[in-house]
């Protein structure tokens, strides 16, 4: 893919889905039309969003636009991370080995386990009473 065209990537985590667009630029990151620092308040979430760009040494070279919905803040941050990694792989295929070494192209498929009838949660039973 040519470096002048936009690179698209989709990321998912838990119930969050992110659609990410990369374009060569000066490093602006917009998530749901808000700046990265305004959208993700925790440093952990901001670091996970930046992980693909930092591991491939592309910080400040790409502008990122992301639309993310569903899930909570941590799930959304990791969905954006996967979307950025997939878009980077399309934009510059030479970055794929670095992304794969850091496990940034692997989708984390863990989801919340459903509650079962007769139990208080997915696995927790009711409290035992002798009398």
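Assorted remarks:
- Looking across segment 37-49 at every residue that is closer than 24 Å to residue 100 by Cα and touching a residue at least 12 places away in the same chain (Cβ under 8 Å), the one that is surrounded by the most Cβ atoms within 10 Å (Cβ to Cβ) is identified as 49.
- Any hit, segment 87-98, residues being in a loop (DSSP other than H, G, I, E, B) and under 23 Å from residue 6 (Cα atoms): yes
- Test: residue in segment 76-84 that is assigned to a loop (DSSP other than H, G, I, E, B) and touching a residue at least 24 places away in the same chain (Cβ under 8 Å): no
- For residue 60, the test of being surrounded by 18 or more Cβ atoms within 10 Å (Cβ to Cβ) and either in contact with a strand residue (DSSP E or B) (Cβ under 6 Å, 6 or more places away or on another chain) or in a loop (DSSP other than H, G, I, E, B) (or both) is failed.
- Restricting the first member to segment 108-129 and to residues that are touching a residue at least 24 places away in the same chain (Cβ under 8 Å), and the second to residues that are surrounded by 10 or more Cβ atoms within 10 Å (Cβ to Cβ), the beta-carbon pairs closer than 6 Å and six or more apart or on different chains are 108/13; 111/14.
- Residue check, residue 105 in contact with a helix residue (DSSP H, G or I) (Cβ under 8 Å, 6 or more places away or on another chain) and more than 23 Å from residue 28 (Cβ to Cβ): yes
- Considering (1) out of contact with any strand residue (DSSP E or B) (no Cβ under 7 Å at 6 or more places or on another chain); (2) within 19 Å of residue 14 (Cα to Cα); (3) not in a helix (DSSP H, G or I), the lone condition that residue 67 does not fulfil carries the number (1).
- Here residue 91 passes the criteria (1) surrounded by fewer than 17 Cβ atoms within 10 Å (Cβ to Cβ); (2) in contact with a strand residue (DSSP E or B) (Cβ under 7 Å, 6 or more places away or on another chain); (3) farther than 18 Å from residue 48 by Cβ except the one numbered (1).
- Test result for residue 71, crowded, with 17+ Cβ neighbours inside 10 Å, farther than 16 Å from residue 36 by Cα and touching a residue at least 12 places away in the same chain (Cβ under 8 Å): yes
Values in this text are rule-based calculations from the coordinates and carry no lab data. The structure displayed is predicted, hence computed values, not measured ones. We place every Cβ from the backbone using ideal geometry, glycine too, and count neighbours over all the protein chains shown.
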